[in-house]
Amino acid sequence: MMKIEDIVNDIVLIVLDNYEPLKGLGIKEGRIYAHITGYDEFGIWMKHPKFRIPKPNAKSKRKKQSFQNVEASILIPWGFIASIVHFPNVEGFDFPNPFEKHIGFESEVK
């Protein structure tokens, strides 16, 4: 029997419903592959290896804002999740090498 804890630390396909509010996080499609890091009563936690955030810089208004990519954890609330597809024992979908190919997110979040 499959249990939700079986997907932690694996790559899964998440099918989203009404995901418009998630576009601000870089989720541009209704089907995404994601590395799951955990879950709780609020939803599924996934890893985003290159989340774009502003770099702190001097308070000069003349300087152009610069950005940096950081590793982030993102919560996808249960209400947005229509289905989850797990691929047990499929090479490339088990941690630790999930990011040799594009997984789930656009590289630039605005």
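The values are calculated or read from the model by the stated rules, or taken from the named source; none is laboratory data. If you're wondering where the values come from, they're calculated on a predicted model, not measured in any experiment. All Cβ positions, glycine included, derive from the backbone under ideal geometry; neighbour counts span all protein chains shown. The area values use the complete protein model at the heavy-atom level, side chains included, leaving out ligands, DNA and RNA. Shrake-Rupley method; radii C 1.70, N 1.55, O 1.52, S 1.80 Å.
For the reader, a short list of remarks on this structure follows.
- For region 60-100, a tally of residues being modelled with pLDDT under 65, more than 24 Å from Lys3 (Cβ to Cβ) and in contact with a strand residue (DSSP E or B) (Cβ under 9 Å, 6 or more places away or on another chain) returns 1.
- Close pairs (6 angstrom Cβ cut-off, 6 or more residues apart or separate chains): aromatic (Phe, Trp, Tyr) in region 29-55, surrounded by 20 or more Cβ atoms within 10 Å (Cβ to Cβ) and modelled with pLDDT under 90 anywhere: Tyr33/Gly104
Per-residue answers, yes or no, for (1) among the small types (Gly, Ala, Ser); (2) open to solvent by less than 90 Å² (accessible area, probe 1.4 Å); (3) closer than 16 Å to Asn89 by Cα; (4) out of contact with any helix residue (DSSP H, G or I) (no Cβ under 7 Å at 6 or more places or on another chain):
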position	(1), (2), (3), (4)
Glu20	no, no, no, yes
Gly24	yes, yes, no, yes
His35	no, yes, yes, no
Glu41	no, no, no, yes
Lys55	no, yes, no, yes
